[in-house]
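The values are calculated or read from the model by the stated rules, or taken from the named source; none is laboratory data. Because the structure is predicted, anything quoted here is derived from the model rather than measured. Here Cβ is always computed from backbone atoms with ideal geometry, including for glycine, and neighbour counts include all displayed protein chains.
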């Protein structure tokens with residue numbers, strides 16, 4: 001079976017809920033990170049970052065693993081939609097693809113970048129990071145962010161307070177530059193291309209690490225080390241794993257899907273995912289393990305009716321719609337709130353300080369993201385509709401479920417489809 005959507009509109013139930021929880025997890029990660037940056041003499045609070053405790057590992061992982069989930073999810077959704085476009089038109093419209101990405105990503109991205117380079121360092125700076133940035137080649141860092149290369153700012157001697165999370169958006173935008181070309185050119189041999197891409201990504205990472213380790217100090221060591229750090233951020237291998245999952249679903253690879261739906265694999269993936277948040281690890285291919293585990297979760301949440309995680313509801317759809325805003329605005333909210341609490345001396349009371357910081361950061365971010373989606377982003381999203389070839393949907397008010405059965409007539413999966421009314 002091939003998944004088909006009525007009126008060319010494709011909807012994967014449950015993924016909006018995953019987006020929302022991942023975006024929210026990043027808030028908690030950055031609250032602790034910003035507390036560490038803002039720590040000053042006489043403050044009664046402390047950050048859990050910087051230690052080897054279980055709590056430190058957990059808060060660090062909240063952000064890092066959530067971003068990995070976003071990468072896999074992007075590869076899965078974008079590839080599925082591009083394959084559907086190829087099926088419908090025998091090609092991929094590059095112009096329409098890029099216009100869709102621009103209208104969805106750029107307005108909020110550039111709003112955050114402008115605020116992070118202008119308002120935050122002058123009025124809501126923490127730990128003097130903003131002032132240090134303004135005093136040290138600020139136009140270089142702004143230029144890189146303006147050109148959608150914020151990931152090249154991350155491993156330099158500055159921190160973009162209020163905008164440091166944008167590195168992952170830059171990685172995804174760089175991925176989007178390549179991906180429609182690759183899918184259009186290699187859609188008949190997509191699996192081979194994806195496997196080669198993963199091999200090249202891992203190989204260059206290993207080679208650069210070996211060069212950096214065995215050259216000692218010097219220019220070659222510096223170049224190899226920098227390359228290894230930045231290459232590690234470009235997690236195209238995780239997006240490629242998501243793309244492989246999309247291909248299997250799109251082409252109805254029953255043996256693979258049955259494997260992904262296997263209860264033992266699902267429970268094993270859930271337990272492994274839980275372990276990501278409590279165990280520190282680093283080994284060659286660890287990003288592939290994360291990506292595979294997240295792909296199993298994504299496939300089951302969105303297409304397996306037996307999955308215990310049920311995120312397909314109007315409430316989760318609304319929260320999922322604002323998840324991009326949650327991810328983009330939360331560090332601005334944290335910076336403003338933390339700076340303000342320090343200014344009035346509330347950092348002298350750890351309980352009150354942390355209570356206000358956490359509650360205010362979460363609900364302040366939700367409120368700002370909601371307003372942004374409805375009164376700012378929606379204008380661009382309406383324009384985006386004009387450039388859609390195969391439409392995706394975030395609405396599930398009216399759903400028809402396509403039931404997929406195996407040759408013995410046993411239920412295997414469902415694919416949810418919005419129907420116009």
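General observations
- Criterion violated by residue 308 - all others in (1) more than 21 Å from the chain's Cα centre (by Cα); (2) in contact (Cβ under 8 Å) with a residue 60 or more places away in the chain; (3) surrounded by fewer than 21 Cβ atoms within 10 Å (Cβ to Cβ) satisfied: (2)
- Within the stretch 202-242, the set of residues being farther than 25 Å from residue 282 by Cβ and either under 17 Å from the mean Cα position of the chain (by Cα) or surrounded by 14 or more Cβ atoms within 10 Å (Cβ to Cβ) (or both) is empty.
- Cβ-Cβ under 8 Å pairs, at least 6 apart or on other chains, the stretch 349-375 side under 19 Å from residue 106 (Cα atoms), far side not in a helix (DSSP H, G or I): 369/322; 370/322; 372/322; 373/322
- Restricting attention to the stretch 274-299, the residues that are free of Cβ contacts under 8 Å to residues at least 60 places away in the same chain, surrounded by fewer than 21 Cβ atoms within 10 Å (Cβ to Cβ) and farther than 25 Å from residue 209 by Cβ total 1.
- Among (1) at pLDDT 95 or above; (2) more than 17 Å from the chain's Cα centre (by Cα); (3) surrounded by 14 or more Cβ atoms within 10 Å (Cβ to Cβ) - the single one residue 271 does not satisfy: (3)
Results for (1) at pLDDT 90 or above; (2) touching a helix residue (DSSP H, G or I) at 6+ places or on another chain (Cβ under 8 Å), shown as yes or no for each residue.
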| site | (1), (2) |
| --- | --- |
| 4 | no, no |
| 11 | no, no |
| 16 | yes, yes |
| 28 | yes, yes |
| 35 | yes, yes |
| 46 | no, yes |
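- Residue 56 meets all of the listed conditions (1) more than 23 Å from residue 291 (Cα to Cα); (2) over 21 Å from the mean Cα position of the chain (by Cα) but one, namely (1).
- Test: residue in the stretch 135-155 that is more than 18 Å from the chain's Cα centre (by Cα), at pLDDT below 90 and closer than 28 Å to residue 75 by Cα: yes
- A single member of 232, 268, 216, 245 is out of contact with any helix residue (DSSP H, G or I) (no Cβ under 8 Å at 6 or more places or on another chain) and in a helix (DSSP H, G or I), and it is 268.
- Taken over the stretch 346-361, the residue count meeting the criterion of being surrounded by fewer than 16 Cβ atoms within 10 Å (Cβ to Cβ) and either touching a helix residue (DSSP H, G or I) at 6+ places or on another chain (Cβ under 9 Å) or within 22 Å of residue 41 (Cβ to Cβ) (or both) is 5.
- Test result for residue 176, modelled with pLDDT under 95, under 23 Å from the mean Cα position of the chain (by Cα) and either part of a helix (DSSP H, G or I) or more than 28 Å from residue 327 (Cα to Cα) (or both): yes
- Selected residue (criterion: nearest to residue 151 (Cα to Cα)) from residues of the stretch 279-292 that are touching a helix residue (DSSP H, G or I) at 6+ places or on another chain (Cβ under 7 Å) and modelled with pLDDT of 95 or more: 287
- Any hit, the stretch 287-302, residues being over 20 Å from residue 12 (Cβ atoms) and either touching a strand residue (DSSP E or B) at 6+ places or on another chain (Cβ under 8 Å) or in a loop (DSSP other than H, G, I, E, B) (or both): no
Each row is one residue, and each column tells you yes or no for (1) assigned to a loop (DSSP other than H, G, I, E, B); (2) in contact (Cβ under 8 Å) with a residue 60 or more places away in the chain; (3) out of contact with any strand residue (DSSP E or B) (no Cβ under 7 Å at 6 or more places or on another chain); (4) under 28 Å from residue 322 (Cα atoms).
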| position | (1), (2), (3), (4) |
| --- | --- |
| 78 | no, yes, yes, yes |
| 82 | no, yes, yes, yes |
| 125 | yes, yes, yes, yes |
| 142 | no, no, yes, yes |
